[in-house]
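The structure appears right after this line, and notes come after that.
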Amino acid sequence: MTIFGKSLSEYARFQKIFLALILVVGLARLVLSLGGVPNSTVKWLSITAVSLIGLLYYSVRVHTSGFGSYKHLLPLLVIQNLLAQAISFVAVAMAILTRRDNIFTAPEYSGGADGKTWLHANMHLIMGVIVASLLGWLIGSAIMFITKKVTAGKGQEAPKSRAAGAGA
């Protein structure tokens, strides 16, 4: 499958560090919460913070590395948000099925309401992936625009060919 001329594996390879960080932070957050660590401690492990740092990184590196342009930023954000929201969905679903809150469903992080609902779980997939990706793309595009202006004529890295990337 290609998206804007790049394969899904090219996108995943470009963002593998942040995908790994999101997975580790998300799973650690869930495991610690289920293990009885207080939410006041677990809250410091933030998928949102890792995702925002990823957004900043991609917004600069997509251009400076020669990976692509504005259109290539959107799939990166969708993939990143899909992983983050899938972790949240699974955590909420676990809480619903076990009838036991975890940090993803605790009332203090669910607007004071019961976070163990299928509406909450599904909104992570709908709003968390679609809206967050589009909003992130808007913000990231502004950052990329500034990056392009600041780095104009400053010898960015040459784009990597598929053949060179395949052997790496």
- request: Tell me which residues, restricted to the stretch 71-87, are surrounded by fewer than 23 Cβ atoms within 10 Å (Cβ to Cβ) and either of a type outside the set (Val, Ile, Thr) or touching a Pro at 6+ places or on another chain (Cβ under 9 Å) (or both).
  value: LYS71, HIS72, LEU74, PRO75, LEU82, LEU83, ALA86
task: Filter the stretch 1-32 for residues that are under 17 Å from VAL78 (Cβ atoms) and basic (Lys, Arg) and give the result.
output: LYS6, ARG13, LYS16
statement: Out of (1) modelled with pLDDT of 95 or more; (2) more than 20 Å from ALA49 (Cα to Cα); (3) not small (Gly, Ala, Ser), the one ARG100 does not meet is (1)
- prompt: So how many residues does the stretch 103-125 have that are within 16 Å of VAL31 (Cα to Cα) and surrounded by 22 or more Cβ atoms within 10 Å (Cβ to Cβ)?
  reply: 3
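Mind checking which residues of the stretch 22-32 are buried (at least 17 other Cβ atoms within 10 Å of the Cβ) and not charged (D, E, K, R)? Explain how you work it out, then say what you get.
We begin by selecting, within the stretch 22-32, every residue buried (at least 17 other Cβ atoms within 10 Å of the Cβ); these are 22, 25-26, 29-30, 32.
Within the stretch 22-32, ILE22, VAL25, GLY26, LEU30, LEU32 qualify.
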- request: Confirm whether TYR57 is under 18 Å from MET144 (Cα atoms), of a type outside the set (A, V, I, L, M, F, W, C), assigned to a helix (DSSP H, G or I) and in contact (Cβ under 8 Å) with a residue 60 or more places away in the chain.
  value: no
field: Any hit, the stretch 91-107, residues being in contact (Cβ under 8 Å) with a residue 40 or more places away in the chain, part of a helix (DSSP H, G or I), touching a helix residue (DSSP H, G or I) at 6+ places or on another chain (Cβ under 7 Å) and not aliphatic (A, V, I, L, M)
entry: no
- prompt: Is there a residue being closer than 18 Å to ALA20 by Cα, of a type in the set (Lys, Arg) and at pLDDT 95 or above anywhere in the stretch 64-81?
  reply: no
Output for the stretch 33-64, where each listed residue is surrounded by 20 or more Cβ atoms within 10 Å (Cβ to Cβ), more than 23 Å from VAL78 (Cβ to Cβ) and touching a Phe, Trp or Tyr at 6+ places or on another chain (Cβ under 9 Å): SER33
- prompt: Can you spot a residue in the stretch 145-164 that is at pLDDT 95 or above, of a type in the set (A, V, I, L, M) and surrounded by 15 or more Cβ atoms within 10 Å (Cβ to Cβ)?
  reply: no
field: Which numbered condition VAL24 misses (of (1) under 23 Å from LEU134 (Cβ atoms); (2) modelled with pLDDT of 95 or more)
entry: (1)
task: Of all residues in the stretch 108-146, count the ones that are touching a residue at least 12 places away in the same chain (Cβ under 8 Å) and not in a helix (DSSP H, G or I).
output: 3
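The values are calculated or read from the model by the stated rules, or taken from the named source; none is laboratory data. Only a predicted model underlies this, so the values are computations on that prediction, with no experimental measurement involved. Positions of Cβ are generated from backbone atoms using ideal geometry, with glycine treated the same way; all protein chains shown enter the neighbour counts.
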